[in-house]
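The values are calculated or read from the model by the stated rules, or taken from the named source; none is laboratory data. Because the structure is predicted, anything quoted here is derived from the model rather than measured. So basically every Cβ, Gly included, is an ideal-geometry build from the backbone, and we count neighbours across all protein chains shown.
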Amino acid sequence: MNKLLPGLRALVPLGIMAVLAGVFTFTVKADSTITIPVPQEMRDKQVTISLRIPPNTEPLTRNQAKPKLDSKRSMVVWNSNPSPKMANNDEAHGVFATFLQKGWVKNAISRDIIRMRPMDKYYAIRLIQHISENVVEIAQAPNFGQIVKKCNLTTSDIEDLRRLIKRFEKELVVFGTNTKKTDKDLLMLQERFKTSRQGILKVLRVEGADDGATVIHLSVD
């Protein structure tokens, strides 16, 4: 009996290896089967096998299929109106004309764009940027109080400009304008215009009456 034990001890590792091979053969896919050849001289020696199985033993599968397009035209996003135009009766034209007349359009290109008909929408957005930047500079002046009193802008002009900024807010953000800060600065100017010009009479129009008198039309800020 004792003579048989050494032989059995040698067969135990081989039996474990056979069992493991069977397990791998039936549980692992054919393309990941592990085969370990055992030489004849290893029968009488003790063999130890260590296996490390990672947590995820499933192979990574990736979709290699190429996307199929219904047509070649589906690769192109077609914009039928890449350069929309402003209507000739749009209120923006009147606002631009007012700031042009009062000298707040400070370069020749912008002045030419204001006279353009029909006007490109994105040119109008650039004009709003240009005019608002010029007006906001008033708040940065060292003699701010005096400039506000002498400035030819009115609270209505500022209100019109703020309304255009609100209307084209999304487009102005795309063009790099901080619309919230600009509107805040314009609102501050608007309030300063109101407080600094209280009780000031402004001549709107002078005309003659039928009896030879002169009629002066005034407004009170």
Check: Residues in the range 68-102 that are among the small types (Gly, Ala, Ser), farther than 25 Å from Gly176 by Cβ and at pLDDT 85 or above: how many?
Finding: 3
Notebook entry, point to check: Does Lys184 qualify as being free of Cβ contacts under 8 Å to residues at least 24 places away in the same chain, among the basic types (Lys, Arg) and in the same structural domain as Leu100 (by TED's automatic domain parsing)?
Noted result: yes
Next item on the list: Answer with yes or no whether Ser32 is over 27 Å from the mean Cα position of the chain (by Cα), more than 30 Å from Glu169 (Cα to Cα), modelled with pLDDT under 60 and loosely packed, with under 10 Cβ neighbours inside 10 Å.
Entry: yes
Margin query: For the range 129-166, which positions are in a loop (DSSP other than H, G, I, E, B) and over 15 Å from Trp104 (Cβ atoms)?
Written below: Pro142, Asn143
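Does Asp120 meet the test of being among the charged types (D, E, K, R), touching a residue at least 24 places away in the same chain (Cβ under 8 Å) and crowded, with 17+ Cβ neighbours inside 10 Å?
Details: among the charged types (D, E, K, R): yes; touching a residue at least 24 places away in the same chain (Cβ under 8 Å): yes; crowded, with 17+ Cβ neighbours inside 10 Å: no.
It is false that Asp120 is among the charged types (D, E, K, R), touching a residue at least 24 places away in the same chain (Cβ under 8 Å) and crowded, with 17+ Cβ neighbours inside 10 Å.
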Next item on the list: Provide a single number: the residues in the range 113-141 that are within 13 Å of Ala92 (Cα to Cα) and aliphatic (A, V, I, L, M).
Entry: 9
